Every structure is written in structure tokens, then in C-alpha cells.
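Q: Have a look at this one.
Readers should treat all values here as calculations from the given coordinates under stated rules, not as data from a laboratory. Please read these numbers as outputs of a predicted model, since none were measured by experiment. Here the Cβ positions follow ideal geometry from the backbone for every residue, glycine too, while neighbour counts run over all protein chains shown.
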Amino acid sequence: MTQSFTIRRPDDWHLHLRDGAMMDTVLPETARHFGRAIVMPNLVPPVVTGADAAAYRARIMAALPEGMSFEPLMTLYLTETTDPEDVREAAASGLVTAVKLYPAGATTNSHSGVRDFDNVRGVLEVMAEIGLPMCVHGEVTTHDVDIFDREAVFIETVLDPLRRATPGLRVVMEHITTRDGVDYVKSQEDMGGTITTHHLIINRNHILVGGIKPHYYCLPVAKREEHRLALVQAATSGDRHFFLGTDSAPHPDHLKEHACGCAGVFSATNTMSCLAEVFEAAGALDRLEGFASLNGPAFYGLAPNPETITLTKGDPVTYPAKFPVGEDHVTLFDPGFPLHWHVEA
Ligand code: DOR
Ligand code: ZN
């Protein structure tokens with residue numbers, strides 16, 4: 001018997017599209033299955049002002065192949081010199097959907113991020129007033145905090161105090177990787193939490209056992225198995241706080257397979273097939289639509305996409321292992337098991 005089911009077209013609530021040749025390669029990979037995506041602003045230089053976001057949006061739309069439809073939901077990169085009135089205007093015009101907070105030094109191109117939260121108070125207050133969500137990379141960057149503890153310490157020492165100091169600020173804790181992240185998001189009425197495809201599939205052993213696997217290295221780094229299980233439980237539970245943000249973050253292979261390899265997993269192409277395996281194994285295929293297509297729009301006050309996609313189980317699907325980018329390649333996420341779910345968009 002063929003197993004098949006249809007869901008609303010999904011969205012990706014955390015995506016890196018980059019620019020130039022890399023964007024040309026990865027944009028169609030997202031647009032094939034996804035209707036919209038929250039586009040990360042960590043370019044060099046970052047997307048800081050409304051004018052930067054308008055220009056980046058125009059480059060994305062120009063790179064979209066004929067016949068594909070896709071709506072980029074733009075974000076602004078929060079810096080200590082961000083002008084609150086520029087944020088207000090960019091939100092009022094409908095140009096931006098969220099503001100992104102990177103603690104300075106937390107990850108790829110985050111050096112323009114926030115060091116002293118007192119310096120962004122004015123922006124946060126405007127955001128709370130107008131209901132513009134803040135997407136947060138939730139890791140402390142203090143050198144003496146172990147990298148595997150950085151998310152839990154961030155919640156306690158930065159995120160919770162910041163939210164208490166800014167009543168009404170709507171926050172998405174992005175790419176949560178721990179049980180602590182799951183528990184915190186779940187306990188807060190007005191918060192969302194995104195979960196990546198790869199954090200539902202790999203734990204830290206996948207990165208380190210049997211030789212170092214640079215294509216599994218990302219930030220926040222994958223944690224112990226018990227944390228992965230908490231993420232799977234959250235994603236497949238139907239709880240409206242949790243939605244898909246792939247954090248698909250392409251880097252050219254020579255910078256991944258490097259003495260100081262970049263953080264990021266590129267998963268746009270096979271995400272929906274991977275998720276179907278994860279949800280099927282959890283006996284929760286009927287909850288995939290909530291996670292990938294409904295909970296995110298509900299948090300952002302948007303309607304779900306009107307279109308649908310159909311997933312059908314069959315012989316293993318093969319996806320290219322690598323995609324060309326100029327002279328180099330970008331490697332696709334390898335879940336380490338066969339994918340049987342074919343996606344028809
Ligand atoms: O693994 C990651 N890659 N985590 C991030 O937070 C940034 C991203 C990137 O831009 O490469
Ligand atoms: Zn990211």
C-alpha cells in the first residue's frame with residue numbers, strides 16, 4: 001500500500017541564503033518546497049538598516065529562477081548603533097518581519113552583534129511596542145563557559161533577565177539544542193522556539209566519533225543524545241511553541257574541510273524528507289504539518305500558505321551529495337539513514 005499524505009506548503013523560520021554565487025545555488029533548493037523563509041542578516045557587511053534589507057530582498061528576488069514562487073521574510077541585524085526609528089519604519093512598511101540578536105562573537109559573522117544590552121534598550125522597547133519579534137541566537141560567548149553549556153547559561157543569565165526587563169517583547173529562541181531550551185520555551189506564554197532538521201537527527205557523537213566530521217559542525221553545536229530526544233519530543237508533540245527553522249547555512253567545502261572549519265549545515269534540499277523520517281519514527285506523521293507549516297505562521301500572525309505539498313513513501317530517494325558553487329561545492333546534510341519520503345511540491 002502506498003503511504004502518502006498532503007500538508008500545507010511549509011515555511012522555514014530560520015534560513016541563510018548568503019549572496020552572489022552561493023545564493024544562486026541554494027535559493028532554488030529552498031524555494032522548491034518552502035513558501036516563505038525568515039532570512040538571516042549575517043552577511044558581510046550585515047543587513048542592519050531598512051535600506052540594507054530592501055536591497056538584499058531585491059537581490060533575492062532577482063536570483064529566484066523563473067516560475068518559482070517564494071517570499072523572503074527579511075530581518076535586521078541588531079547592533080549597538082541600530083536606530084530605533086529605522087526599525088519602526090522598516091516594520092511599518094512591511095519590509096521586515098523580525099530583528100535578529102546575535103551576542104557578539106557567538107557565531108559566523110557575529111562580531112557586529114550586541115555586547116552591552118543597555119545599548120539596545122531603545123530598540124527593544126520600540127519592538128515590544130509595535131509587536132516586532134526578536135529572533136535570538138541563544139548562546140553566551142564568555143570564554144570560560146564550556147561550549148556545551150552556552151545555551152543553558154544564556155537562558156539563565158541573559159534571555160530571562162532581558163525578557164523580564166522588556167515586557168511585551170516577543171522572542172523566538174532559535175535553533176534550540178537542549179532540554180533546557182525546550183523547557184524554557186514551553187513554559188513561556190508568548191515565546192516561540194525553532195528546531196533545526198539536523199539537531200533532530202545528530203548528537204555530538206556524530207561530529208566526533210570515528211574521526212571529525214566537519215559537515216556536522218554547526219552552532220549551537222549538537223549536544224548529548226538526551227537533548228536530541230528532548231528536541232524530537234518537542235517537535236513531534238504538536239506544541240504550538242515549536243516550529244521548523246532549518247538554519248540551513250551553506251559554506252563552500254574548502255571552508256568546512258579546513259583546519260578552522262566554519263559552522264553550518266546545509267539542509268534545504270532534503271529537509272522535508274528527513275523530517276518525514278523523524279516524525280514517522282516518532283509515530284507522529286500527522287503532526288509534521290503543525291511543526292513545518294502551521295505553528296510558525298501562527299506565531300508571526302500570518303496565514304498558512306494556501307498551497308500544499310504531498311509526501312509519498314517509496315524506494316529511497318537520492319539527493320545530490322554536493323552542489324556546485326563557482327569553482328567549489330557545498331555539501332548537503334547527510335542524515336546517515338536512507339530517506340524514503342518523496343516530496344512533490
Ligand atoms: O552553524 C551555524 N551557521 N550557526 C549559526 O548561528 C550561523 C550559521 C552561519 O551563518 O553559517
Ligand atoms: Zn543561523
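Q: Per residue of the range 6-22, in order, report the coupling 6.51 cos²θ - 1.76 cosθ + 1.60 (Karplus, θ = phi - 60°) as ³J(HN,Hα) in whole Hz, putting x for Gly and Pro.
A: So the J values, rounded to whole Hz, are 10, 10, 4, 4, x, 10, 10, 8, 6, 9, 10, 9, 6, 8, x, 4, 5.
Q: Tell me the net charge near ILE176. Cut-off is 13 Å between Cβ atoms, ILE176 excluded, with +1 for each Lys or Arg and -1 for each Asp or Glu.
A: Taking every other residue near ILE176 into account, the sum is -2.
Q: Based on the Cβ-Cβ distance of VAL209 and GLU344, what FRET efficiency does E = 1/(1 + (r/R0)^6) give at R0 = 41 Å, to the nearest 0.05?
A: 0.70
Q: Here's another thing I want to ask about it. Which ³J(HN,Hα) values, rounded to whole Hz and listed in residue order, are derived for the range 223-229 from phi using the Karplus coefficients 6.51, -1.76 and 1.60 in 6.51 cos²θ - 1.76 cosθ + 1.60 with θ = phi - 60°, glycine and proline given as x?
A: Taking θ as phi minus 60°, the curve returns 9, 5, 4, 4, 6, 4, 5 Hz for the range 223-229.
Q: Just to check I understand the Karplus step: with θ = phi - 60° and J = 6.51 cos²θ - 1.76 cosθ + 1.60, what whole-Hz values come out for the range 292-309, glycine and proline as x?
A: Using θ = phi - 60°, the values come out as 9, 10, 10, 5, x, x, 4, 4, 7, x, 10, 7, x, 4, x, 6, 10, 10 Hz.
Q: Here is a follow-up. Please sort by residue number the trypsin sites (Lys or Arg not before Pro) in the range 190-276 whose DSSP state is loop and whose Cβ has at most 16 other Cβ atoms within 10 Å.
A: Here the trypsin sites (Lys or Arg not before Pro) that fit, given the DSSP loop and packing criteria, are ARG224, ARG240.
Q: Something else: Report the semi-axes of the equivalent ellipsoid for the chain in whole Å, largest first, where each axis is √(5λ) for an eigenvalue λ of the Cα gyration tensor.
A: 28, 22, 21
Q: Using alpha-carbon positions, what is the distance between the centroids of the range 33-67 and the range 285-299, in Å?
A: Centre-to-centre distance over Cα atoms comes out at 24 Å.
Q: With runs of 4+ DSSP H residues as the only contributors, calculate the mean residue ellipticity of the chain at 222 nm using -39,500 (n - 2.57) per run, divided by the residue total and rounded to the nearest 500.
A: Dividing the helical sum by the residues of the chain leaves -8500 deg cm²/dmol.
Q: Further, regarding this structure: Check VAL325: other-chain or 5+ apart residues with amide H under 5 Å from its amide H, H built from backbone geometry?
A: Distant-sequence amide H within range of VAL325: VAL330.
Q: Let me ask something additional. Hey, got a sec? Which GluC sites (Glu not before Pro) in the range 65-118 land in a DSSP loop and have at most 14 other Cβ atoms within 10 Å?
A: Passing both the DSSP loop test and the Cβ count: GLU66.
Q: Can you give me the convex hull volume of the Cα atoms of the range 95-209, divided per residue and expressed in Å³?
A: Cα-based convex hull of the range 95-209, divided per residue, equals 123 Å³.
Q: Cα extents of the range 143-210 along the three principal axes, largest first, in whole Å?
A: 47, 29, 14
Q: Under 25 Å between alpha carbons: how many lysine pairs meet that in the range 4-344, if sequence neighbours fewer than 8 apart on the same chain are excluded?
A: 10
Q: Grab the alpha carbons of the range 231-345, take their convex hull, and tell me the volume per residue in Å³.
A: Taking the convex hull of the Cα positions in the range 231-345, it is 136 Å³ per residue.
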